[in-house]
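Have a look at the structure below, then the notes.
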Amino acid sequence: MSRIGRQPIHLPDGVRVEVAPNNVVTVTGPKGTLTLQVDPDITVEVADKTVRVLRPTEQKRHRAMHGLYRALIQNMVTGVTEGYRKELEVIGIGFRASMSGNMLELALGYSHPIYFVPPEGIKLSVRSERGSNPIVIVEGIDKQLVGEVAAKIRALRPPEPYKGKGIRYVGEYVRRKAGKTAGR
């Protein structure tokens, strides 16, 4: 069994963590500020350059929340220092991705182009070199929001198993199926 909740969170230089009386944790760093509402049963203590998450009892619910909130606060600290990034590859003949202003424009084999406007706190960019598939880069400080936006973009045209066309994460393995066999 994991003991993630008991490990202290070490704060790098330039990161400040504040806990409000109503158990709202605010993490401020060079890339921005994130807030999290922590369950009232869980206690968050900030000492010199470390944050500790404490649970009141050994109940199953308290043990689960202990590790959860420790991981969420660690992700916030990582987000405000380094940020998070996901890369999506657009594969298919005639499939294109480009930026028009702050909007992502995708041509995915439908009769119309698809325009995707990123939410607040997410930066989208497209890298396309001649002879290779375009790559959509999703960046931000909130790990959950970056993953959610990347999943929404991927859901516009998930990779299909016969030719592998569609949008997939860079490095994602798509299991291929054999097509129909010729008639006898």
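The values are calculated or read from the model by the stated rules, or taken from the named source; none is laboratory data. Fair warning: this is a prediction, and the values are worked out from it, not measured in the lab. Quick reminder, even Gly has a Cβ in these numbers, built from the backbone with ideal geometry, and neighbours come from all protein chains shown. Ligands, DNA and RNA are stripped out before the accessible areas are found, and what is left, the full protein with its side chains, is counted by its heavy atoms. Shrake-Rupley method; radii C 1.70, N 1.55, O 1.52, S 1.80 Å.
Determine, from the Cβ-Cβ distance of Met99 and Val170 and an R0 of 22 Å, the FRET efficiency 1/(1 + (r/R0)^6), rounded to the nearest 0.05. The value I calculate is 0.75.
Angle between the Cα long axis of helix 143-155 and the longest principal axis of the chain, 0 to 90 degrees, nearest 10? That helix lies at roughly 20 degrees to the long axis. Taking every C-alpha pair closer than 8 Å and separated by at least 6 residues, the mean separation divided by the residue count of the chain gives a relative contact order of 17 percent. Averaged per residue, the stretch 1-98 has 58 square angstrom of accessible surface, using a 1.4 angstrom probe with ligands and nucleic acids left out.
Based on Cα atoms of the stretch 130-184, Rg over Rh with Rh as the Kirkwood radius reads 1.13. All other residues whose Cβ lies under 10 angstrom from that of Leu108 are scored, Lys and Arg at +1 and Asp and Glu at -1, for a net of +3.
Given R0 = 35 Å, the distance between the Cβ atoms of Leu156 and Thr181 translates into a calculated FRET efficiency of 0.65. Could you tell me the calculated FRET efficiency between Ser128 and Arg16, based on Cβ-Cβ distance and R0 = 35 angstrom, to the nearest 0.05? My answer for the efficiency is 0.35. Averaging Cα coordinates gives a centre for the stretch 141-177 and one for the stretch 1-58; these two points are 32 Å apart.
Shape verdict for the stretch 86-162, please, from the Cα gyration tensor: rounded (a/c under 1.5), prolate (a/b greater than b/c) or oblate. It comes out prolate by the Cα gyration axes. Rounded, prolate or oblate: which fits the stretch 1-51 when a ≥ b ≥ c are the square roots of the eigenvalues of the alpha-carbon gyration tensor, with rounded for a/c under 1.5 and prolate only if a/b beats b/c? Oblate is the answer for the stretch 1-51, as a/c is 1.5 or above yet b/c matches or exceeds a/b. Other residues within the sphere of radius under 15 Å centred on the Cβ of Leu156, judged by their own Cβ, net out at +3 (K and R +1, D and E -1). Measuring spread by the Cα atoms of the stretch 122-162 yields a radius of gyration and Dmax of 12.0, 36 Å. Of Glu58, Glu105, Glu148, which has the largest mean-square fluctuation in a 10 Å C-alpha GNM of the chain? Of Glu58, Glu105, Glu148, the most mobile in the Gaussian network model is Glu58. Summed over qualifying helices (DSSP H, 4 residues or more, each -39500 (n - 2.57)) and divided by its residue number, the chain shows a 222 nm mean residue ellipticity of -6500 deg cm²/dmol. For the residue pairs Lys143/Lys165; Lys152/Lys177; Lys86/Lys163; Lys49/Lys143; Lys143/Lys177; Lys60/Lys86, the alpha carbons lie more than 29 Å apart in Lys143/Lys177; Lys60/Lys86. The C-alpha atoms of the chain define a longest principal axis, and helix 60-81 lies at about 70 degrees to it.
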